[in-house]
Every structure is written in C-alpha cells, then in structure tokens.
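Below is one structure; the comments refer to it alone.
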Amino acid sequence: MRRLTAGLVLLGLLVPLPAQLLAGGVEGGWPLRNSLLVALAATLLATLLGTAAGMGLRGRFAGRGLALALIALPLLLPPVIPGAAWLLAAERLGHGAGWPGLALWHALLAAPLVALIVRDALERVEPALFRAAAACGAPPELAARRLLRPRLLPAMAAGAALAFALSVGESSLALLLGAETLPAASLPGGAAAGTALVPLIVAGVLALALLRRPFQPEA
Amino acid sequence: MRPDPLRAALLVTPLVLLVLAAAVAPLGALLWRGVAETEVAPALPRTLRMLRHWDGKGLPDDMAFEALAADLAALRAAGGTGSQAMARAAGRLGADVPALREVLPGTAGRAAETRTTRATSILVADAAWGEAESWAALRRAGGAASGFHLLAAIGLRQTAGGGLEDSAAGPHARALLLRGIGAALLAVLASLPLAWPLARWMADAAPRRAALLAGLVLLPLLAGEAARAAGWSVLAGSGPGVALAALVLGAVPLMALPVALCLRRAGPGLARAAAAHGMSPLGVFRRVHWPLARPGLAAGCALVFPQALGSFVGPGLLDPDMPWAAGALAAAARAGEWGQAGALTAWLLLPVLLAALLLLRLWRARA
C-alpha cells in the first residue's frame, strides 16, 4: 500500500518533465551555449570552494557555527530575493554584471551541497586506519594522501555533477536577470520552447548515481 | 585525522567570503533600499533644511514657504533634469498622500505666475499647502530613511499625528503577503504526507534500487521550476488549483530526500526490533520512525518553506491573474521600484527567519 502511494507520488513528480518536450520543437543554439558557460563556471567555483569548505568543516575552530550558517544561507533564501538583490546590483554595477552574478549565485547554491558530500565522504574514513598507518611508520602526509584522496576524488566528482545539473536547471535568478539560459528560454513565449533541457539533466543525474551511490550501507 | 583549527578556518574562509560578497552584501543593499528615501531630497533641498526646525504642530513658518518657492523655481529653471526630479518627488509624495501627486507640479506652474511674495504665492497656488498633513508627508519623505515602504507593503501609512492608518491599497497588500505565506505553509504541510512513503521506500530499498530512486526523485528538482511549470501547463492548463498542486509537488523532493537520508543512516534495525517485540505499525511509526526522521524533517521544512515562499516562475506561468507575494516582488524589481522591492524582501525574510530559528530549536532539542 505504501509502495503504491510512493509510486504514485513519484509518477506525479516525473510526469511534467517529458510533457515539456511536447510543447515544441527542440532548439539548441544560444540558450544552450549560455547555459553551458554559466554552468561550467558555477561548477568549477562550487567544486573548488565547496571541497575546501567541506575539508575545513571537519575541524573545530572559533566561529564554526557562524561559518556553517553563512555557507547554508543561499539554500535557505526564497529564490526571488537573491534575484531582486542581484538585479539591483547589476543596475548599480552596469548591466554586464548579470552574467557573472548568475554564475556566482549558482556556485553559492551548489557549494554547500559539495561541502556536505565531501565532508561526509571524508568522515567515513576509519580513524583506526590513521593509527595503523602511524604505527607502521608512515608520515602523516603520506597517510592522508593514501587514505583520504581515494575518497575525496569521487566525492568531488559527485559534487561537481550535482552543481552542474543544479545550474542548468535553475530558473528563478536566470529569469529575473534576463539571462537567456535554457530554463528561461524554454518557457512558453521564450526563444526555445521545449528544449534539450531534460536529456542534459538526465545525464547529470545518471553520472551522480554512478559516481556516488549515496545510499550504500556504511562500510 | 581532523585538520587543526587554523588550517580548518583557512579552508572555510574563501567560501564564507564569497557568500558575504555575493549574497549578504547584495541582500543588505536591497534591504537598505526598503527604508532609504532617495526621491524627494534631491528635488527640494532648501525646503527640507527649513523643515528641520519645524515642530510639526500647525503650519511651518514663512521661511519654509519661501524655500519651497525657491526650490520649485530652481527645478523649473533646470529644464529637463528639473522636471524629471520633480516627477520623481511628486510620485513618491503621491504614493503617500494621493492628492500631492498633482500638487507639486501644479504649484510650480501657478506660483511662478502669481505676483506676490514668494511665500504667499505657494499658498495661493494650492490650498494643500495650508494643511499640516502635506508638510508632514514632505518632511517624512525628505529624511535619509523612513518606514514608509515597509508600512506600505503591509497596507499601512503614517498620519501627520504619528499614528497609523490603513492606506488605500491596504487590504490588497496584506492579502498579497498572506497568500504567499499561506501557500508556503500549505506546501510544507501537504508535502509531508506525500514525501513520507517515498522517503520510506528510498530508505528501505536495496542499495542499487535506492540510488536509482534517489536519482529519480532528484530529477524534477534539478530540472528546475521553469521546466516543471512548462510541463504542467501543457498537461493541465492553468488555474489556481494547478499552480498550488505544482507548488506542492515541487516541494516533495526537497522534503523526501533529507528524510530518506536520515532514515537510511539510522538503519532498519531499530524498527525491526520494535516490530519483533510486538509493537503495532502505528507504534513503530510514532516511537521509532518519526523520532529518527526528525532532523531530516526539520531540514526538509527549512528547505521547502523558503523555496515555496520565493517561487514566482511557476505561479506566474500557471496562474498569471493571481498576484503572489513573490510575484509582486519580482515585478517591483523588474520595474525598478526598489523601495517596494526592498520592503517586500524584508517582510518575506521575516517568516523565513522565524521558521529557521524554530526549526533550529527543534533540531537542537533532539540532537
């Protein structure tokens, strides 16, 4: 019974996505290029900063709680508010500020997720392994390299895939800033109604599922 | 092996600095515009300087009338830039006291044609200058900051005596805000029962299937609001019901994923043990699953409420006639009405902050 309800809810979640393709022909071009550029910049920034933050958040330091709250802030703001704030900033800085603003904001949305994934992956490394490495005479740098790096790289890749997919799909800020990315252009009346958006996202999610396996039981 | 404090702080610093520069600073600037007064001060500097000495009782003295005449004459003499400044000032004053919208340009024209002392020419040109209300509105709008936009966003205005009264658009403004907050609350409450079976399924499934399910649930979330809204508009047309349903369904993944992660991490052992000892399914739900899922539920609510409160793409597409708070904010920002946009931002941030504090307490109480 519960399985049936869950299946129905899942169906309800997924049904609008293919329907979007019915809305019109597939048209790539400028919106696709814009989306990819913004998403690449956002992915790069989010992965770098998010990984560093995820590694740092494992330690204890003064102001850790405040840092955590600030890092999570972009996810907890109603999406229209950063849109309006960046529109005001773009007006003040000149209209060229819209594009970097969009990429920056997408990076800030994804960075906490990257940090979460990285921290989680590193926390799973058994502390006993470090003691064993030290007992065998391995210097701490070597132990860190051999024990942490194999966990770090897949986590970074998963975070990057998530950041990319998030940036390609985000629409609120793109619409307000007037950026012709895929979601903005795929609305009725946009330049490319019914676009190649869904396949892109599918690729991102598949990559995520393959790289991460987030529900693997604890080792 | 945890990083030492200095290293940890240095690793976190770049992201924190970027958040401060790219999120906190623009947000602060927007909020400041919600209280800043920028329209009247550039147009009527002399008048405002004179009004500083006015005690607010009765009419200001002759010097204020003289200064107003001088300011208006200067604006007329300045040509195009002057008339623009006057239009902005008149717009701002008219938003407070509707009659004043016409008074300022009218006075400027008629006072220039009257042959008396400048102070008298103002009074002759328009009777509005014989009322303390007009002067009080002028003084309030001429300061560096005021609560005018904040009050207007909840449909109130300040009277000359300092009290508060309903503005002309009062009921409409309050309905706008309440509708937005109500819809967000509804999204939170309605997504809970929808997300629960989905989260349990993800939590209980075998690893490979759980990853696939999580990917499928993540899919509509990552596809974005615009894609979902476009799909629903093809399938179901538009209307308030469709907009609300799309809002609720859009919130389900955000609620289901944290809950599923939480339950998955706790493992099936406790629930199995409770069932094996004869606890009823309802009891297992109440005593085992619900407490285990509480941090996930708090995280889900903390994500869903602001997302639903600030979504304007979907409602704008699926129900264009119904103004929502987020839609009004987006429209104000597009039109460059920064006073209104800043005030709406403040009123939308308030429930988000309250909800975040409440959920933080819930979370801490368990952990």
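Remarks
- The coefficient of translational diffusion for the range B:66-123, derived via Stokes-Einstein from the alpha carbon Kirkwood radius under 25 °C and 0.890 mPa s, stands at 214 µm²/s.
- Debye intensity ratio in log₁₀ form over the Cα atoms of the range B:45-144, taken at each q of 0.12, 0.13, 0.20, 0.25 Å⁻¹: -0.33, -0.39, -1.00, -1.65
- Screening chain B for DSSP H helices whose Cα atoms reach 18 Å or more along their own axis and whose mean Kyte hydropathy is at least 0.0 gives B:5-19, B:62-77, B:170-204, B:207-236, B:240-266, B:290-309, B:338-366.
- B:L186 sits among other residues whose Cβ lies under 15 Å from its own Cβ, and their net charge, with Lys and Arg +1 and Asp and Glu -1, is 0.
- When the inverse distances between all different Cα atoms of chain B are averaged and flipped, the Kirkwood radius reads 24.8 angstrom.
- Our helix-only sum for chain B, with -39,500 (n - 2.57) per DSSP H run of n ≥ 4 divided by its residues, gives a mean residue ellipticity at 222 nm of -24500 deg cm²/dmol.
- Trypsin sites (Lys or Arg not before Pro) restricted to DSSP loop in the range B:104-149 with at most 15 other C-beta within 10 Å: B:R115
- Sparsely packed trypsin sites (Lys or Arg not before Pro) within the range A:93-152, loop by DSSP, other Cβ within 10 Å at most 13: A:R124
- Full extension of the chain between B:A25 and B:T117 gives 28.2 nm of extra length, using 0.36 nm per residue less the Cα-Cα distance.
- Here the simple spin-label model places points 7 Å from the Cα toward Cβ, and for A:A135 and B:E133 these points are separated by 8.6 nm.
- Rg ratio for the protein assembly as shown: its Cα radius of gyration over 2.2 N^0.38 Å, N being its residue count, equals 1.15.
- Listed residue (B:L270, B:A214, B:P26) projecting farthest to the positive dipole end of chain B, Cβ model: B:L270
- A:S171 long-range amide H proximity, modeled H, under 5 Å: B:E225, B:A226
- Put the Cα centre of the range B:71-132 next to the Cα centre of the range B:186-228 and the gap is 61 Å.
- Average Cα contact separation per residue, the range A:62-152, under 8 Å, 6 or more apart, as relative contact order %: 24
- The magnitude of the dipole of the protein assembly as shown, with charges of +1 and -1 set on the Cβ of Lys/Arg and Asp/Glu and taken from the Cα centre, is near 2700 debye.
- Relative contact order (%) - the range B:174-366, alpha-carbon pairs under 8 angstrom, separation at least six: 30
- Relative contact order of the range B:48-104: 17 percent, from C-alpha pairs under 8 Å at least 6 residues apart in sequence.
- Computed from backbone phi with θ = phi - 60° and the Karplus coefficients 6.51, -1.76 and 1.60, the 3J(HN,Hα) list for the range A:145-162 is 5, 6, 9, 8, 4, x, 7, 5, 5, x, 5, 4, 5, 5, x, 5, 4, 5 Hz; x is used for glycine and proline.
- Shielding score for B:233-239, defined as the mean number of other chain Cβ atoms within 10 Å: 4
- In order along the range A:136-143, phi translates into HN-Hα couplings of 7, x, 6, x, x, 5, 5, 4 Hz, rounded to whole numbers, per the Karplus curve 6.51 cos²θ - 1.76 cosθ + 1.60 with θ = phi - 60° and x for Gly and Pro.
- Here the range B:126-199 has an Rg and Dmax of 20.2, 69 Å, counting Cα atoms alone.
- Based on the Kirkwood approach, the hydrodynamic radius assigned to the range B:174-366 is 18.0 Å, with every pair of different Cα atoms included.
- Positive contributions from Lys and Arg (+1) and negative ones from Asp and Glu (-1), summed over other residues with Cβ under 11 Å from the Cβ of B:L263, come out at +3.
- Note on the range A:89-152 and the range B:243-316: Cα centroid distance 27 Å, given to the nearest whole angstrom.
- Magnitude of the charge dipole, the range B:258-331, Cβ model with Lys/Arg +1 and Asp/Glu -1, debye to 20: 660
- B:R361 paired with B:A169, simple spin-label distance in nm, labels 7 Å along Cα-to-beta-carbon: 3.5
Only the coordinates and a few stated rules stand behind these numbers; no lab work does. Note that the structure is a prediction, hence the values are computed from the model and not measured. Using ideal geometry, Cβ is built from the backbone for each residue, glycine included, and neighbour counts are taken over all protein chains shown.
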